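Report on one structure; see the data block that follows.
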Amino acid sequence: MTATGTTTDLLDWVAGHRDAMVGDVLAYVGIETPSDAPALLAEGLAWVEQWLGETVGAPTARTVHPTDGHGDVAVLDLEAPLGSDVWVTALCHYDTVWAAGTIAARPAAVDGDRMTGPGVYDMKAGLVQLAWAIRAVDAAALPRPNIRLLLNGDEEVGSKGSRTVIEDTVRRTDGPVLVFEASAGEHGALKTARKGVGLFDIEITGVEAHAGLDPRAGASAVDELARVVLTLHGATDLEAGTSCNVGVVAGGTRPNVRAGHASAALDVRVSSSEEADRIDGVLAALTPEDPLATITVHGGWNRPVMERTEANVALFARAESVARGMGLTVEETAVGGASDGNFASALGRAVLDGLGAVGDGAHARHEWASVQGMVERTALAAGVLVDLASGTDVRR
């Protein structure tokens, strides 16, 4: 492609580099980056940064922020070679849920249209797609925004160490946010809304006593736990987009002892801040029936709601228009899972999520990403970058 190229040429250019992209995905999947392995994460980030330098050029600015026991957060400025006053934030994470050694049993491979291996769908193919989208635009000598790329090393464990870095980066960039997490569903829908996530631990303290000699003595923490679980599950309101799931419970020591301790781990998903407030009220109102027992709630909201705002919908509409110009179709959707895009949306930025792999099996052994989907979504991302270079305000 020459300097006279247009966005309609991007798909052909990307398709011509299909094999190189597949090779990059397989190589990246072969670099293991488990969320709980700092040494491997450090090696993985070093590989990613070297590969990015070879693929799109060295960043004009680079900062690295450590996290506690997980992967560092790297923020790279990839300025437009033609110059631009427009900045876009791109969010990617390089950690995966897969334990060290998984690659030996499930090596990276390609079979027809399917690329497989741990992390290929969530979300290593997405970063490859972003890099090649940038390369396609620059090869065509088309305008694009400056890109502030954030590489997160603790996303799969809740982004606890990276949240402030993500929020500070989004504030500093003052522009739309593109998230290269995997797309959704068989048609690879883009995500304009995600649920907020709350992770809570409920600790119940009772008073131990012999269960047979005096059944009325003491206070059973397990008895209180049973009521708590029913209350929490009863707070589910699927029509409002709220689900409450107590997924882990524990308590007691022996069958003949009234339990002195019990606990429950609660996962909450909400579609609105109003529902988050309601659940906060439910948790605050948990009261033991036996006055000798106590209930304590720990934890909080891991990620805020990414609501389907007008800004998100407008950003999707631009992507849809770009796709249509390439002869492609895209759909939008809302999903129950959260991403780092939730933090950006809560700050009022326009967010388009799910620009990564088309495929299936996030966190599952059958995880796979489509080769043709990779080609099409890379071209789409390239077209979106060209479109955003116009500077039209899509922040809010």
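The values are calculated or read from the model by the stated rules, or taken from the named source; none is laboratory data. Here the structure is a predicted model, which means the values were calculated and not measured. Glycine also receives a Cβ, built like all others from the backbone with ideal geometry; neighbour counts cover every protein chain displayed. When the accessible area is computed, the model is the full protein with side chains, heavy atoms only, and any ligands, DNA or RNA have been set aside. Shrake-Rupley method; radii C 1.70, N 1.55, O 1.52, S 1.80 Å.
Here are the numbers for this structure:
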{"read-out": "Asp68 being surrounded by fewer than 13 Cβ atoms within 10 Å (Cβ to Cβ), touching a residue at least 40 places away in the same chain (Cβ under 8 Å), out of contact with any Ser or Thr (no Cβ under 8 Å at 6 or more places or on another chain) and among the acidic types (Asp, Glu)", "value": "yes"}
{"read-out": "Selection from segment 170-201 of residues that are among the β-branched types (Val, Ile, Thr) and either at pLDDT below 95 or surrounded by fewer than 24 Cβ atoms within 10 Å (Cβ to Cβ) (or both)", "value": "Thr173, Val197"}
{"read-out": "Strands (runs of 3 or more DSSP E) fully within segment 45-108 counting 3 or more residues that are in contact with a strand residue (DSSP E or B) (Cβ under 9 Å, 6 or more places away or on another chain), more than 20 Å from Lys124 (Cα to Cα) and at pLDDT 95 or above", "value": "61-65"}
{"read-out": "Number of positions in segment 257-289 that are open to solvent by 30 Å² or more (accessible area, probe 1.4 Å), over 12 Å from Phe200 (Cβ atoms), modelled with pLDDT of 95 or more and within 22 Å of the chain's Cα centre (by Cα)", "value": "2"}
{"read-out": "Boolean, Leu328 is on the phi < 0 side of the Ramachandran plot, touching a Lys or Arg at 6+ places or on another chain (Cβ under 8 Å) and open to solvent by 10 Å² or more (accessible area, probe 1.4 Å)", "value": "no"}
{"read-out": "Hits in segment 359-381 - residues which are aliphatic (A, V, I, L, M) and either part of a loop (DSSP other than H, G, I, E, B) or buried (at least 24 other Cβ atoms within 10 Å of the Cβ) (or both)", "value": "Ala362, Ala364, Ala369, Met374, Ala379, Leu380, Ala381"}
{"read-out": "Count of residues meeting criterion [open to solvent by 50 Å² or more (accessible area, probe 1.4 Å) and in contact (Cβ under 8 Å) with a residue 24 or more places away in the chain] in segment 216-232", "value": "4"}
{"read-out": "Verdict on Glu186 being in contact (Cβ under 8 Å) with a residue 60 or more places away in the chain and out of contact with any His (no Cβ under 8 Å at 6 or more places or on another chain)", "value": "yes"}
{"read-out": "Which listed residue, of Gly356, Gly327, Gly337, is under 27 Å from Asp122 (Cβ atoms), assigned to a loop (DSSP other than H, G, I, E, B) and out of contact with any Phe, Trp or Tyr (no Cβ under 8 Å at 6 or more places or on another chain)", "value": "Gly337"}
{"read-out": "Complete set of residues in segment 115-154 that are among the aliphatic types (A, V, I, L, M), open to solvent by less than 10 Å² (accessible area, probe 1.4 Å) and more than 21 Å from Leu41 (Cβ to Cβ)", "value": "Met115, Ala133, Ile134, Ala136, Val137, Ala140, Ile147"}
